[in-house]
Amino acid sequence: METTARHLAGDVGSTPLNLEGLADKTSIILSGVPGSGKSTIAEWIKLRYPESGVVSADHHFIVDGVYRFNPRQLGAAHEACKTNYGAWCLSDSMIPCVVDNTNLNFGECKYYYESAVRHGFKVVVLSIVPQANMARSVHGLPPEAMARMVAKQKAGLPELSKLQGFRVVEQSVVDELYNQLQRKTK
């Protein structure tokens with residue numbers, strides 16, 4: 001399996017992430033530690049494909065436009081995310097849907113993956129290679145917690161890589177998407 005930025009490079013203008021056929025029934029499951037760029041990818045997809053949907057446990061923690069994480073509400077946040085995703089699958093929608101959660105191993109993304117397959121959706125799993133310094137994170141995780149999550153993702157990669165539609169996204173691709181989004185908002 002090739003794991004370079006070239007692996008996802010498309011030749012659609014200056015698009016660093018090739019997601020051809022996204023207009024088809026597609027579920028995009030993002031995998032990565034907090035701050036790795038999952039929300040950047042979700043935002044980029046939403047900008048490029050405005051009809052797409054995004055489900056995320058993080059949405060539960062946004063109050064008046066401000067992210068306010070509460071670990072006691074994490075279970076409820078994930079249940080709400082699954083409920084929203086399940087509704088999307090049942091709608092038999094033709095628009096793509098992005099799952100913007102950590103999904104560090106198959107156990108974490110199993111519900112999303114199996115639901116999409118069961119309902120006849122094409123599945124793309126994008127795993128973002130962790131980087132030591134994730135300066136854009138809004139999550140404020142202590143370094144030891146981040147180290148545990150990076151180790152969990154590395155341990156989960158062999159299992160995830162067996163899934164049909166699995167791709168690795170290098171940090172340089174996420175950085176380019178982030179830069180494109182920054183230019184759009186100026």
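The values are calculated or read from the model by the stated rules, or taken from the named source; none is laboratory data. Please read all numbers here as calculations on a predicted model, not as lab measurements. Note that we place each Cβ from the backbone using ideal geometry, even for glycine, and neighbour counts take in every protein chain shown.
Below are the figures for this structure:
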item: Residue list for segment 62-75, filter: in contact with a His (Cβ under 8 Å, 6 or more places away or on another chain) and either assigned to a loop (DSSP other than H, G, I, E, B) or within 29 Å of residue 158 (Cα to Cα) (or both); result: 69
item: Residue count for segment 155-171, restricted to those that are part of a helix (DSSP H, G or I) and either buried (at least 19 other Cβ atoms within 10 Å of the Cβ) or under 16 Å from the mean Cα position of the chain (by Cα) (or both); result: 4
item: Candidates 98, 125, filtered to the one that is of a type outside the set (Lys, Arg), modelled with pLDDT of 90 or more, outside any helix (DSSP H, G or I) and under 22 Å from residue 69 (Cβ atoms); result: 98
item: Residue match in segment 46-60 (condition: within 22 Å of residue 163 (Cβ to Cβ) and among the β-branched types (Val, Ile, Thr)); result: yes
item: Filter result for residue 98 (under 19 Å from residue 146 (Cα atoms), surrounded by 14 or more Cβ atoms within 10 Å (Cβ to Cβ) and under 14 Å from the mean Cα position of the chain (by Cα)); result: no
item: Residue 115 being hydroxyl-bearing (Ser, Thr, Tyr), touching a Gly at 6+ places or on another chain (Cβ under 9 Å), at pLDDT 85 or above and surrounded by 20 or more Cβ atoms within 10 Å (Cβ to Cβ); result: no
item: Given (1) outside any helix (DSSP H, G or I); (2) over 21 Å from residue 146 (Cα atoms), index of the condition residue 47 fails; result: (1)
